[in-house]
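Encoded as structure tokens, the structure appears first; notes follow it.
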Amino acid sequence: MTFTDNTVSVVIGGTSGIGAAVASALAERPGRVEVASRSTGLDIADAAAVAAYFQTVGPIDHLIVTAGSSAPGGTVADVDLKAAKAAFDIKFWGTIVLAREAAKTMRAGGTITFTSGFLARRTVPGTFVKSAMNAALEATVKILARELAPLRINVVSPGLTRTEAYSGMAGDARDAMFDRAAATLPAGRVGEPEDIAQGYLFAIDNPFVTGSVIDIEGGALIN
Ligand SMILES: NC(=O)c1ccc[n+]([C@@H]2O[C@H](COP(=O)([O-])OP(=O)(O)OC[C@H]3O[C@@H](n4cnc5c(N)ncnc54)[C@H](OP(=O)(O)O)[C@@H]3O)[C@@H](O)[C@H]2O)c1
């Protein structure tokens, strides 16, 4: 799509990690880039706050959602249900509310790009909250792409990517996890935020892409 001085892109979750990389790539283009997250005062689990946010931003061309990276681990039998529901309220329901509100003010030619994750289609015991949340987003994106056409709606599904999402881990354990993954993945490396950012740019720029799940996961799904 052509970017002009009037193009408005909104990156929810753009204050960190993958979203920050998308926001910096879009900032190289003409137009305005709005970034929001809890640290800028927007919690996407608060539907009224999301509606008010889009009122302030005005008409937009592109919405990118990367917010909500945490979800409790655990088996179906023992997972903390309260934490699991809270994770859904942010990543799944928050994303849905963002799409509903953004679609109201989106200009012709607009796009919405969600974020899922490779666990949506990889079976790893103890990760079902992430799997279920991401699979739900991947299913919904296809329905939304029909319901909101000719707006184009896609989802980028990242594999393990080196971002602030892992800053809570001890440095050694984190590096060991990245090294182990790099040694196992067909691509021979883990993702960098800039690798994943290219998927959102592809979804925005290619006018023939809608309802697509764009896997950028170093081959995790063929491993
Ligand atoms: N990194 C990976 O290995 C990986 C793998 C697969 C999928 N993903 C997915 O990729 C997306 C981005 O992950 P990332 O690694 O870039 O994570 P990140 O660095 O932790 O960034 C997450 C962003 O979401 C925002 N956020 C979190 N909760 C929010 C809320 N309730 N309301 C508004 N904003 C909120 C955070 O900002 P505030 O704290 O200021 O709110 C931050 O800007 C996530 O959906 C994640 O599940 C990541």
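So, in the range 182-215, of the ones that are among the β-branched types (Val, Ile, Thr) and either assigned to a helix (DSSP H, G or I) or out of contact with any Phe, Trp or Tyr (no Cβ under 9 Å at 6 or more places or on another chain) (or both), which residue ends up farthest from Arg162 (Cα to Cα)?
That would be Thr210.
Name the pairs whose Cβ atoms lie under 9 Å apart, with the first residue in the range 26-51 and more than 15 Å from Ser16 (Cα to Cα) and without any contact (Cβ under 8 Å) to a residue 40 or more places away in the chain, the second within 13 Å of the ligand (Cβ to nearest atom) and in a helix (DSSP H, G or I), and 6 or more positions between them or separate chains?
Note: pairs meeting the criteria are Asp46/Gly94; Asp46/Val97.
Report yes if Ser70 is closer than 30 Å to Val124 by Cβ, within 14 Å of the ligand (Cβ to nearest atom), surrounded by fewer than 14 Cβ atoms within 10 Å (Cβ to Cβ) and touching a residue at least 24 places away in the same chain (Cβ under 8 Å), otherwise no.
It is true that Ser70 is closer than 30 Å to Val124 by Cβ, within 14 Å of the ligand (Cβ to nearest atom), surrounded by fewer than 14 Cβ atoms within 10 Å (Cβ to Cβ) and touching a residue at least 24 places away in the same chain (Cβ under 8 Å).
Do we have any residue at all in the range 88-99 that's outside any loop (DSSP other than H, G, I, E, B), free of Cβ contacts under 8 Å to residues at least 40 places away in the same chain and within 16 Å of the ligand (Cβ to nearest atom)?
No, the range 88-99 has no match at all.
Does Gly171 satisfy being closer than 30 Å to Thr4 by Cα and not hydrophobic (A, V, I, L, M, F, W, C)?
no
Which residue out of Leu81, Leu42, Leu26 is at negative phi, more than 7 Å from the ligand (Cβ to nearest atom) and in contact with a strand residue (DSSP E or B) (Cβ under 9 Å, 6 or more places away or on another chain)?
So the residue among Leu81, Leu42, Leu26 that is at negative phi, more than 7 Å from the ligand (Cβ to nearest atom) and in contact with a strand residue (DSSP E or B) (Cβ under 9 Å, 6 or more places away or on another chain) is Leu26.
We did not get these values from a lab; they are worked out from the coordinates using the rules stated. If you're wondering where the values come from, they're calculated on a predicted model, not measured in any experiment. All Cβ positions, even for glycine, are placed from backbone atoms using ideal geometry, and neighbour counts span all protein chains on display.
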